[in-house]
Structure formats: C-alpha cells, structure tokens
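Quick notes on the structure that follows.
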Amino acid sequence: MSELIEISATPFPYPFAPGKTALVVIDMQRDFVEPGGFGASLGNDVSLLHSAIGPIAALLAAWRAHGWPIVHTREAHLADLSDCPPAKRLRGAPSLRIGDPGAMGRLLIRGEPGTSIIPALAPQRDELVIDKPGKGMFWATGLHRMLQALEVTHLVFTGVTTEVCVQTSMREANDRGYTCLLVEDGTESYFPAFKAATLAMIVAQGAIIGWHTPSATLLAAIDSA
Ligand code: C5J
C-alpha cells in the first residue's frame, strides 16, 4: 500500500491512503436537493441540504486533480418498480410516492430528470455512477467488486442524507473492510439533530464505524502531503 497520511479527525487521526481512497458522493440528485422531488414530497425543506454542495465540489476538484477514484450514487429504481419493495413504496403518507409523476418526472426512477445529479456536482466520464435501489450503496449494486478491482481500501463519504443513505452506506462499507471517513460539512440532513447524532455515533467506541473531519482539514492535509 502507498504511504498513509495522518489526517486530524475525530475520534483520533484518520489514516488516509493516497490513490487507494475513493471519494463517495451519495445521492446528490435533484430529487433530494431541489423543490418538487422525493425529499420535498416527504414534507422536507430541501434548502437544508444546500450547504454541503460547496465542500463536495472542492473535494471533487481535489480528487480529480490527483486522478483518484470517485463514486457517485443515485437512489433510483427501475421504471417497472420491480426493484422497489411495496414495503418501501407504500409506507407513510407522502404527497407523491416513488414512481409517481412529479415536477421532475417520475420520482426516484432511473433516467428521469429528478434522479440526475445536480449540475454543480455532475459526474465526469471516468467516474463510477451507481444506481442503487436501497439506502445502502452496496445492496444490489455490485459496487464492492468494482472497488476491489480498483484496489480501493479507504472511502471518504459525502452526500445526503447523513442519517439515511450516507450512514447506511458507511456502515455497509465498514462491514466490508473499508476504512471510512465522513466529511462533516460535506454531508447534510433535513434534520440537523439527526446529523449531529450520526456524527456522534459513528465515532463512538473507538471509531466503531469510522471517523469524521471537516473538508478544510482533509484538503489541507492532501495539499501539504
Ligand atoms: C432518503 C437518502 N433520505 N439519500 N434517501 O430517503 O438519504
């Protein structure tokens, strides 16, 4: 493995592996971030997610400058909903359900305008873009094999929402042996208290799931390495 860089982090320094660390951007798609999508249909204020966009853009620029691996995910189902369990689709009383037509096409359906990643964070041609039917990025996606083929051992997490798809993906990654860091200002939730709780619980018990640190700390460490 290439030499590790120690990044100041909570609860103790994170061992960053240059070239072996993929940047993961979870679900920065219009359906969660813009009005009229899935997030809004659940009654959420989507503007609460916007502060993560700048830090994620800065991290993408740094990863691209080094040619390091990047993974974007989208929560997106097949058009016939065969990969969307009724237990997911029929839960609660949203104003629109998954698959219903909305302001940006059918909600959370692959290929619809709402599932596209917001223009500020648009993927580039050589980056992995994973459509996932679940909250976690490994469930029914084949991503683990793709990361193994790239010899990725470490993952830096960003995206939305902190306590749902980001945390689920980070837990799945931890179970698969990846060393995981969550970027504090590169993730957001519709519920600030849930974001705070997630940050606290992943680092408890000696980084039981992983580490967290601000984007500025990570970027400065990468720059000076
Ligand atoms: C949600 C996600 N919140 N991307 N999805 O349903 O976190």
**OP:** Any chance you could list P(r) for region 28-156, counting all Cα-Cα pairs in 5 angstrom bins from zero, rounded to whole %?
**Re:** 2, 10, 18, 21, 20, 14, 9, 4, 1, 0
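Rounded to two decimals, what ratio of Rg to Rh does region 56-109 give with C-alpha atoms and a Kirkwood Rh?
On the way: Rg = 16.3 Å, Rh = 13.7 Å.
Reported Rg/Rh (Cα atoms, Kirkwood Rh): 1.19.
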Original post:
With helices defined as uninterrupted DSSP H runs, which ones in the chain have an alpha carbon span along their own long axis of at least 18 Å and mean Kyte-Doolittle hydropathy of at least 1.0?
Top reply: 53-66, 192-207
**OP:** May I ask you to give the solvent-accessible area per residue for the chain, in square angstrom, as obtained with a 1.4 angstrom probe?
**Re:** 43 Å²
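Calculate the translational D of region 116-196 in whole µm² s⁻¹ from Stokes-Einstein, where the hydrodynamic radius comes from the Kirkwood formula applied to all Cα pairs, the temperature is 20 °C and the viscosity 1.002 mPa s.
Values: Rh = 13.5 Å.
The Stokes-Einstein estimate is 158 µm²/s.
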**OP:** Mind putting together the pair-distance distribution for region 1-81? All Cα pairs, 5 Å bins, whole percent per bin, short to long.
**Re:** 3, 12, 15, 18, 17, 13, 10, 7, 3, 1
Original post:
Near Lys20, which lysines are there with a Cα under 25 Å away, not counting those fewer than 8 places off in the same chain?
Top reply: Lys132, Lys135
Original post:
Using a probe of 1.4 angstrom, how much of the accessible area of the chain is carbon and sulfur, in percent?
Top reply: 57 percent
Subject >> Column: log10 I(q)/I(0), Debye, Cα scatterers of the chain, q = 0.14, 0.16, 0.18 Å⁻¹ >> reply: -0.82, -1.08, -1.35
Original post:
Based on DSSP H runs of at least 4 residues, each adding -39500 (n - 2.57), what is the mean residue ellipticity at 222 nm of the chain after dividing by all its residues, to the nearest 500 deg cm²/dmol?
Top reply: -8500 deg cm²/dmol
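Within a Cβ distance under 14 Å of Gly186, other residues only, what is the Lys/Arg minus Asp/Glu net charge? Intermediate values should be presented prior to the final figure.
Details: positive: Lys195; negative: Asp27, Glu184, Asp185, Glu188.
Charge balance near Gly186 sits at -3.
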Subject >> trypsin sites (Lys or Arg not before Pro) restricted to DSSP loop in region 116-225 with at most 10 other C-beta within 10 Å >> reply: Arg125
Original post:
Given just the C-alpha atoms of region 42-87, how large is their convex hull per residue in cubic angstrom?
Top reply: 123 Å³
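The values are calculated or read from the model by the stated rules, or taken from the named source; none is laboratory data. It should be emphasised that the depicted structure is a prediction, and the values quoted were computed from it without experimental measurement. Every residue, glycine among them, receives a Cβ derived from its backbone with ideal geometry; neighbour counts consider all protein chains shown. Side chains are part of the model used for accessible areas, which takes the heavy atoms of the whole protein and leaves out ligands, DNA and RNA. Shrake-Rupley method; radii C 1.70, N 1.55, O 1.52, S 1.80 Å.
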